[in-house]
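Here the structure is laid out as structure tokens; the discussion comes afterwards.
Nothing in this text is a laboratory measurement; each read-out follows from the coordinates by a stated rule. Quantities reported herein were computed from a predicted structural model and do not represent experimental measurements. Counting neighbours? That spans all protein chains shown, and the Cβs are built from the backbone with ideal geometry, glycine included.
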Amino acid sequence: MTRLAAVIAVGAASFVALAFLLLPIVAIFARTSPAHLVHQLSNPVVRDAFVVSLKTSAVAQVLIILFGTPAAYLLASRRFPGHALAVTLVELPLVLPPAVAGIGLLAAFGRFGLLGSSLHTLGVTLPFTQAAVTIAVAYVASPLYVRQAIAAFEATDPSLAAASRTLGAGPVRTFFRVVLPLARGGLIAGLALSFARGLGEFGATIMFAGSLQRVTQTLPLAIYAEFDQNFSATLAMSGVLVLVSVLLLLALRIGLTWQRSTSTTSLSLFGLSHSN
Amino acid sequence: MRLLAAVHLTVFAAASLTNVFPKIAASASYSFGGSNMLAAQIEQGAPADVFASADTKLPAQLHARGLCGTPVVFTRNALVIVVPRSNPARIHTVSDLTRRGVKVDVAAAGVPVGDYTTKVLHTLRLLTAVTKNIVSRETDVRSVLSKVALGEADAGFVYATDAKTVAGKVTLITLPGRAQPDVRYAACVVSTTRHGGAAKAFVTALLGSSAQAKLRAAGFLSRR
């Protein structure tokens, strides 16, 4: 009897949890039809925001890969004094409230900021530009990639890299031919997470880059701006973001499965991968 | 405002009222923001008791749809230009805003102060020239103010009362009298309120001598 009650309680709690998580997403699509969604894509505000989001996110992710991958490899393969501190600091923007990130970016890169004032004398002013959006996105999203890349590199079997070296391959060749292919699943998973976070960036962007159609108004900013003007446009933009998020989640899953099959040790991230 | 002590009112009020409303009624809970955003929230069923807007249009629209009672005009304001105290772009008149490279910050269309700004620039025949220099369209007047106070924007359009709240950080430039828009604030009791009596008393008290004195002290104009 008590066992039955426990089963019912767990079942009911699970149902509530799932329904709670899914209902807002179902509601977005319940209030917008696919035809309407497609139709809204021709709305200039929606289209411009989509382009700005895609452009700034793409540039930010390229920068994240270029700078984040070597940093993650270094942190994964070398132990040095302050290593733990460095790993913790990399993760800091992840837990920082976006509004704090926005203030920090202004204080650093604003016209009268720490670095911004020197940039300003060189003729470069960042706030209110697309570069500022990209910086905000890279700042909040990069920790997700770097953190996941560290885990992916740590999960690769060091004896394989060592074997490659004994067989005469140099460190660069070993990295590109052995380590990178072994870690690619985890790197893709990290990229998917970082892309998703970057695409949703709001607080730091509106503070540091402002909001101007065609220039700095990303999808989340446009959703906020259109909320009182054109509710159906905000539903369409939200629908687009939900679809993109589903695709990214799929990429994350595939990446993690891939990583588990290529690396020899298990990898766990936010409980998303099951330990083997 | 003894009536208000008994119930806890939720007041949705224009961002420009941020500093003065708590001085008028300290016990109420406030949600300050762009009046248009607040009106949209009320339309979506947000539990507000009173709506105080930086224009008369939004309360009238809610009233027409049966979402709030008859709006009452309780104060007025003036639109001004603010520049950072260091005035990096050397702005002295409204026409300086048309100079190449000046970073002008405004509120978005639909936000009352954003619509007043467009109206002023249209009257002065500067709309096209200044629009080229707009770097951001903010969600409420205080966001414009902070971007200028920080020195990130060279100039912004805000209310005279906003400029007073950061007096040491910005310099105020008045607009030509003929271009000055009629900025009137209207408040109404939200229809779904469960504290109708207290909400009505709040709106009535806004017209009283105590509230009016506090509004004037903050730089608002008499409701006329």
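List of remarks:
- Charging the Cβ of each Asp and Glu at -1 and of each Lys and Arg at +1, and nothing else, the dipole of chain B about its Cα centre rounds to 500 debye.
- Charge dipole magnitude, Cβ of K and R +1, D and E -1 - segment A:31-262, Cα centre, debye nearest 20: 620 debye
- Shape of segment A:1-65, Cα gyration tensor, a/c cut at 1.5: oblate
- Over chain B: helical MRE at 222 nm, DSSP H runs n ≥ 4 each giving -39500 (n - 2.57), nearest 500: -9000 deg cm²/dmol
- Here B:31, A:53 are placed in order of increasing Cβ neighbour count within 10 Å, fewest first, which gives B:31, A:53.
- Selected from B:129, B:163, B:186 as most flexible by GNM, with chain B as the system and alpha-carbon contacts under 10 Å: B:129
- Positive dipole terminus of segment B:79-179, leading residue within B:79, B:111, B:175 (C-beta point charges): B:175
- Global form of segment A:31-262, assessed from the alpha-carbon gyration tensor, a/c cut-off 1.5: oblate
- Cross-link partners of residue B:214 among lysines (Cα-Cα below 22 Å; sequence separation of 8 or more within a chain): B:23, B:164, B:200
- Given charges at Cβ of Lys, Arg, Asp, Glu: the protein assembly as shown dipole, positive-most of B:202, A:6, A:30: B:202
- The mean count of C-beta atoms from other chains within 10 Å of the C-beta of residues in B:32-40, rounded to a whole number, is 2.
- Spatially proximal lysines relative to residue B:119 (Cα-Cα < 21 Å; intrachain offsets below 8 disregarded): B:57, B:103, B:132
- Cα gyration tensor, segment B:1-127 - rounded (a/c under 1.5), prolate or oblate: prolate
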